[in-house]
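The values are calculated or read from the model by the stated rules, or taken from the named source; none is laboratory data. For clarity, every value in this text was computed on a predicted model and none was experimentally measured. So basically every Cβ, Gly included, is an ideal-geometry build from the backbone, and we count neighbours across all protein chains shown.
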Amino acid sequence: MPAARLDEHLSQCPDCRRWYAAVTESPRQLRLAPAPLVPDLGERIHARGAPPFRVSGRRRTSGAPRMDPAY
């Protein structure tokens, strides 16, 4: 729909004008909403240490270059 036609319709139709205002304001409100507070788990995670190393018996197949050329 051309913008001029939409503007003309919205200027004459209060129901559509309310709907359009609501749907164009919602994304803006979501972008401006503060992020919810989450607990800082960094200290607890680091206190546990590194996870144990596990050997799966499978060779790397991702095609990514190996860091150790002697591998």
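When each of 40, 68 is tested for being at pLDDT below 70, out of contact with any Asp or Glu (no Cβ under 7 Å at 6 or more places or on another chain) and loosely packed, with under 10 Cβ neighbours inside 10 Å, the lone residue that passes is 68. Contact map, the stretch 1-21: first residue in a helix (DSSP H, G or I), second residue among the aromatic types (Phe, Trp, Tyr), Cβ cut-off under 6 Å, separation 6 or more or different chains; pairs are 10/20. None of 6, 30 is on the phi < 0 side of the Ramachandran plot, surrounded by 10 or more Cβ atoms within 10 Å (Cβ to Cβ) and of a type outside the set (Val, Ile, Thr) except 6.
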